[in-house]
Amino acid sequence: MRTKDLVATAISNTFRSKLRTTLTVLAIFVGAFTLTLTNAVGAGVSQYVDAQVGALGSPDVFIITQASDQTTAGDGPVKYDPSSSASVSSQQGPPGTTTKALTATDLTKIGDTTGIVSVDPIRSVQTDYIEYDSGTQYEFSINPTSAVTTADLTAGAQLDSSASDAQLVLPDTFVSPLGFTSAADAVGASVSIGITDILGAKHTVDATVVGVSLESLLASGAGANDTLIAALADAQSGGIETAVTSYGVAVAQFDAALSPDGVTALKSDLATQGYSARTIEDQLGAVQTVINGIVGVLNAFAVIALIAAAFGIINTLLMSVQERTREIGLMKAMGMSGGKVYTLFSLEAIVIGFLGSAIGAGVAIGLGTALSAVLSQGFLSGLPGLNILLFEPTSVAFVIGLVMLIAFLSGTLPAQRAAKQNPIESLRYE
Amino acid sequence: MDSEWVIDAQGLEKSYGSGASRFDALKGVSVQIAPGETVAIVGKSGSGKSTLMHLLALLDAPDKGTLQVAGNDAKSLSKRAVNELRNKEFGFVFQQFFLTPNVSVLENVILPLKIAGLGGKERRRRGMEVLEQLELADKAGNKATTLSGGQKQRVVIGRALVNSPRVIFADEPTGNLDTATGAVVEDILFELNRSQGINLVIVTHDEELAARCDRQIYIRDGLIVSRTAGTHKTGAHAAEAAIPASSTDTLTVAGGAA
């Protein structure tokens, strides 16, 4: 029997007992539907987290602070040391936490550490407002680490850190209040940023909008390149050179070719020098572990549903073999080999598996896309850029393939039974 | 024809079960079938006549004895070769129709061709040819379940015929039919024998049907009790089949021994 004929026969046999096939397909449908959805949730959330990680920084940078200087009760007050005792307010830890500031000596020390390519202090600038074309002024802040981050752009381009002109990546919430018709319209426009210097005088600095970004869950504010930050910092210092001598945080770029072990070694190297170095992965690792755990549990439930469905397939095919005993006997009498009979029944199992999984995945994609659209407008509108259900073709194909494999394995027992049937006894069977 | 005999079976024995429940279905049976011959295997139920047919048709292997089909020793044939032999050289007609329901008449008829691995066009052509021959061409598209008993058995004959076999094995071919329809089916079978020289091996307990065959082999309790020498009804056919007189004698001798 030709393979084509075997497949065609298997398909037509599947539809012979419509009710039974439908019920079995339904059982597989539930499993495949769930598995497709949970995979989509996993993919959607990880994609969002990846975008957020990009917003926080490149993979090859450390966020470096002084190691925590929390005084422990009983140690008594720490003696003042003018070279290292400056403290700055920190965003790490509970509100009001301070960390020891990084001074120029610290930066040199960090920069000299083997493996570190460059180190830049994060200069925070407190801007007052932003305005476009002398329109309404809006309160405005700049994300100090934006020079090393990758923004989740809706229009335009990323910041160019080596550019000599002042560049700005505008959060998309500013687009229409500032008077732009669309995100694309804002790109290329020149905006003015208002800033008050330490003496109380007001200044404005002009910058060009190069991109528009989605607001990020983990890093807020606009993005500014080094030139703009420097210009703002100069304006803020009011011409007094010594205004900024210590920094809370520095960003160090390390050799991108470093292996994960090398990164760990570098971290402990910096730790012995008294600095805490963390990559973006470290900061988000916990979040991703939790997400992966949840998706894993959901997938496990879907697989349990599929295992239940597998017994349905076994049952259906065993009944089918029983019902068609004489037909099998006849085919064998007519010279069909046991191997071909086995293939025929295995194919029937696979056809059932394919039907259930293809319909399940199809319905999951249809419903999920609609649900995702509704959720992103309503319940999840606070998380722009989050596509809660992301259907990746490879993972959908993987689900269908997995279900077909499970179906094939379930079909093994009935198919073997059919293949082993003795033609004479089968023909005598009443 | 590469052999004097289409089927040459010597001293076939077959038993089922073991110990106290052991049942000897055949206790040493020799049968030879010449090209173009029609043979009836007659006996009551439980006599072993069906078992004999199954052995001759290579559906089962004997415990003892030798079986040659078209000059090949059945034992030396591989499983694959046996399957191919059954598929190409044998046709089967059973008391029950064993038609696949919900599938068209044509699909039922071409099943052996499908198993043989023939292409779709060729299958259709040969299937329609056979259906025309059996005056069922207009029913080709009908579902097998919608046919009458006689039509169903004609479809079954069509299925047995579609591979242009050398031998058609028929197990109680008219057992399920009323006398008139049975007679029509019998006529078709004997007409095939006459016009195409296809051997018929008919298992029956119907004396009238047995009488229409060239030769009758009577079986009781696993042994041949009597057999008749070949008396061809048509002289033309006897000449065409060219059975040497000596062969027929051998048969008689063998029958006497059993």
For this session: Using Cα positions and a limit of under 17 Å, work out the lysines in reach of A:Lys267, with same-chain residues fewer than 8 apart set aside.
Result: A:Lys109
Problem set entry | Once the Cα gyration tensor of segment A:228-340 is diagonalised, semi-axes √(5λ) in Å | 71, 18, 15
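I need the shape label for segment B:1-109. Rule: rounded when a/c is under 1.5, else prolate if a/b > b/c, else oblate, with a, b, c from the alpha carbon gyration tensor. Before the final figure, lay out each step's value.
On the way: a/c = 1.67, a/b = 1.19, b/c = 1.40.
Oblate.
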Exercise. Sorting A:Lys202, A:Lys79 on the 10 Å Cβ count, fewest up front, what's the list?
Worked result: A:Lys79, A:Lys202
For this session: Let me know the mean shielding of A:36-44 by other chains, meaning the per-residue number of their Cβ atoms within 10 Å of its Cβ.
Result: 0
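Which entries in the list A:Lys18/B:Lys139; A:Lys340/B:Lys49; B:Lys88/B:Lys121 go over 23 Å, if you measure between the two C-alpha atoms of each?
Working: A:Lys18/B:Lys139 25 Å; A:Lys340/B:Lys49 30 Å; B:Lys88/B:Lys121 18 Å.
In this structure, A:Lys18/B:Lys139; A:Lys340/B:Lys49 lie more than 23 Å apart at Cα.
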Problem set entry | Helix A:260-272 axis, angle to chain A major axis (alpha carbon atoms, nearest 10°) | 30 degrees
Seminar exercise, completed: The lysines whose Cα lies under 24 Å from the Cα of B:Lys44, excluding any fewer than 8 residues away in the same chain, are B:Lys14, B:Lys27, B:Lys64
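Neighbouring Cβ atoms within 10 Å as the yardstick, rank A:Thr196, A:Thr127, A:Thr22 fewest first. Walk me through the numbers on the way to the answer.
Numbers: A:Thr196 15, A:Thr127 20, A:Thr22 12.
Lowest count first: A:Thr22, A:Thr196, A:Thr127.
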Exercise. Counting Lys and Arg as +1 and Asp and Glu as -1, what is the net charge of the other residues whose Cβ lies under 13 Å from the Cβ of B:Val82?
Worked result: +2
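For segment A:165-290, what relative contact order do you get, as a whole percent, if you take Cα pairs closer than 8 Å and at least 6 residues apart?
Working: 132 pairs, mean separation 31.5, N = 126.
Once normalised by length, the contact order is 25 percent.
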Exercise. Tilt of helix A:280-323 relative to the longest C-alpha principal axis of chain A, in degrees (0 to 90, nearest 10)?
Worked result: 10 degrees
For this session: Sort A:Ser426, A:Ser176, B:Ser148 so that the residue with the fewest other Cβ atoms within 10 Å of its own Cβ comes first and the one with the most comes last.
Result: B:Ser148, A:Ser176, A:Ser426
Problem set entry | Crossing angle, helix A:393-420 versus chain A [Cα axis fit, 0-90 degrees, rounded to tens] | 20 degrees
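We did not get these values from a lab; they are worked out from the coordinates using the rules stated. Quick caveat: nothing in here was measured; it's all calculated off a predicted structure. Virtual Cβ from ideal backbone geometry, glycine too; neighbours counted across all protein chains shown.
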